[in-house]
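Right, one structure below, let's go through it.
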Amino acid sequence: MSKRRVLFLCNANSARSLMGEVLLRHMAGDRFEAFSAGTEPDEPHALTLEALAKQGLSVEGLHSKSLDEFENESFDYVIVLCDKAQQACREWQGVAGERLFWDIRDPRLINKLDAYEQALQEIRRRIQLWLPFHKSD
């Protein structure tokens, strides 16, 4: 049985989309392959890494990637986490079976650990709600 492929997409791939990638791997890595990318990638934010590690989630090998790296790849789901990425996603040449838009507030705007922890918890809740409806075939 092959795993379904999920791409979390955000602007910088420094916070929210990385969180989605790590959380889905942790919560359902047996059923899904999780990836993340940014339309204008930056480095993983230190507070992102801190918030993930504080929850006991592995950040080993975590790095920011450009959406261009996934051009011509196919995903069962593309989960867009910000407005800016939503616009860029429309022009993307990859294949998405289903596109979802979860508007998660950018913790970089506040730049405090609790903002990153709140974003992490909101993404976790969304994944928890989404998973029961996306069982393996």
Which order do LYS3, LYS84, LYS65 take by accessible area at a 1.4 Å probe, largest first?
LYS84, LYS3, LYS65
5 Å is the cut-off here: which amide hydrogens, built 1.01 Å from N in the peptide plane, fall below it relative to LEU100, excluding neighbours closer than 5 in sequence?
VAL78, ILE79, VAL80
Which of the listed residues, HIS134, PRO107, VAL59, is farthest toward the dipole's positive end in the chain, when Lys, Arg count +1 and Asp, Glu count -1 at the beta-carbon?
HIS134
In the chain, lysine pairs with alpha-carbon atoms under 24 angstrom apart (chain gap of 8 or more, or interchain)
7
Sorted by chain and number, the residues with a modelled amide H under 5 Å from that of LYS65, at a separation of 5 or more or across chains, are GLY38
Helix-only mean residue ellipticity at 222 nm for the chain, each DSSP H run of n ≥ 4 adding -39500 (n - 2.57), per residue, nearest 500:
-10500 deg cm²/dmol
For ARG5, list long-range residues whose amide hydrogen, built 1.01 Å from N in the peptide plane, is under 5 Å from its own amide hydrogen.
GLU33, ASP76, TYR77
Solvent exposure, largest accessible area first (probe 1.4 Å, DNA, RNA and ligands not counted), of SER17, SER74
SER74, SER17
Label corresponding to Cα extents along the principal axes in Å when calculated from the structure given, among [x] 41, 34, 28; [y] 53, 30, 27; [z] 38, 30, 25
[z]
Which FRET efficiency, nearest 0.05, do LYS3 and TRP130 yield, Cβ-Cβ r, R0 22 Å?
0.90
Here segment 63-68 yields Karplus 3J(HN,Hα) values (6.51, -1.76, 1.60; θ = phi - 60°; whole Hz; Gly and Pro given as x) of 8, 7, 10, 7, 4, 4
Along the Cα→Cβ direction, 7 angstrom out, place labels at HIS63 and ARG31. What is the inter-label distance in nm?
3.1 nm
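The values are calculated or read from the model by the stated rules, or taken from the named source; none is laboratory data. The shown structure was predicted, so the numbers you read here are calculated from the model rather than taken from an experiment. Please note: Cβ atoms are built from the backbone with ideal geometry, for glycine as well, and neighbour counts cover all protein chains shown. Keep in mind that these areas ignore ligands, DNA and RNA; they rest on the heavy atoms of the full protein, side chains included. Shrake-Rupley method; radii C 1.70, N 1.55, O 1.52, S 1.80 Å.
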